[in-house]
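Written below as structure tokens is the structure these notes are about.
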Amino acid sequence: MSTFSTLIVGGLATGAIYAVVAIGFALLWQASQTINFAQGEFVMLPAFFALIAMGMGAPYWLAALVTIGMSVVILGAMFKQMLVDPMIKHGVLPMAIATMALAIFMKESVKDLYSAEAYPFPSLVPDRNLAILGANISLQHIGIIVTAIGAIIGLTLLLERTSIGRQMQATAQNPTVARLLGIPVERMILLTFVINAVLVSIASLLVTPIYLAKFSSGETLGLAAFIAAIIGGFNQLRGAIIGGFLLGVVDNLAAAYISTQYRSAVPLFILIAVILFRPHGIAGRKEERTV
């Protein structure tokens, strides 16, 4: 029972990271019909921002703030202005191809300009275990879950309890009507990209101490978060959260009780099952398209 509890907590920690990154997928899709296939690399890159800052003598807390700030500028504002805005007018497919190319560019740039080696990364919480009801629970996993849930709650409060959040929701639901109501639609879309940049930088600071900082670390995480967003429902933030936690727990249990050899296939099996029986996701809503 203690082993099972440890696996559940570990799965929830992994799922929390998936959920945070998957929320970014859902936010960008709702705001601008953008599917960012470089989302995994968006999680990889902030870790190197932090390493560079700490290499220049900055303490961890300052490096984390610098990382979030650089992510907002480069992965938020610049990404929207320099890639999304010019490409989205050509349709979803060219936009998707452009973000795939961006992912390759980011990986190869980090590999060539920094290093191809994996680097250790300091953790927000000590790397030790706590004995809780006979189970050894990693304090690092608890820290990841608490921080990720805090970020999710903060985002939810922003969207549901503030004027800016309601304007963002109106923009996502119908930008034409939002413009007629006097909502600055472009500013709200830009804010969505900025929020996504903050989310991926938080995910990077949480996950890198476990998986190390490496140029290729975003590949698996990006794919898993994308699958989580589809499983939960790509057009619902709560769906991304459900999909992330579900995928993390099932993935961890499958690795322990079935086989680590087939671990990478588990998300695909879940994805196929959801697409067959609930195409719009567990918590997603069916969208009608007019032609």
Positive-end residue, the chain charge dipole about Cα centroid, Cβ charges, pick of PRO184, PHE48, LEU27: PRO184
Where labels lie 7 Å past Cα in the beta-carbon direction, separation of ILE52 and SER5 in nm: 4.4
Relative pair counts by distance (%), Cα atoms of the stretch 180-270, 5 Å bins: 3, 12, 16, 21, 20, 13, 7, 4, 3, 2, 1, 0
Treating only the Cβ atoms of Lys and Arg (+1) and Asp and Glu (-1) as charged, compute the dipole magnitude of the stretch 2-277 about its Cα centre; round to the nearest 20 debye. 460
Over the Cα atoms of the chain, what Rg and Dmax result, in angstrom? 18.9, 60
Mind checking the full-extension length gain between ALA96 and ILE153? Use 0.36 nm per residue of separation minus the Cα-Cα distance, one decimal, nm. 17.6 nm
Comparing TYR262, TYR18, TYR60, which has the greatest mean-square fluctuation in the GNM of the chain with Cα pairs linked when under 10 Å apart? TYR262
Mean residue ellipticity at 222 nm from the helices of the chain, using -39,500 (n - 2.57) per DSSP H segment of n ≥ 4 over the full residue count, to the nearest 500 deg cm²/dmol? -23000 deg cm²/dmol
At what distance in nm do the modelled label points of ILE275 and THR162 sit from each other, each positioned 7 Å from its Cα along Cα→Cβ? 3.7
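Using the per-residue mean of other Cβ atoms lying within 10 Å as a proxy for protection, in what order, highest first, do the peptides 47-53, 273-279 fall?
On the way: 47-53: 21.7, 273-279: 12.1.
Going by the mean number of other Cβ atoms within 10 Å, highest first, we get 47-53, 273-279.
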At R0 = 25 Å, FRET efficiency that the Cβ-Cβ distance of ASN136 and LEU62 yields, to 0.05: 0.15
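Each value in this text was obtained by applying a stated rule to the coordinates, not by laboratory testing. Keep in mind that this is a model prediction, so the values were computed, not measured. Methodologically, a virtual Cβ is constructed for each residue, glycine included, from the backbone with ideal geometry; neighbour enumeration extends over all protein chains shown.
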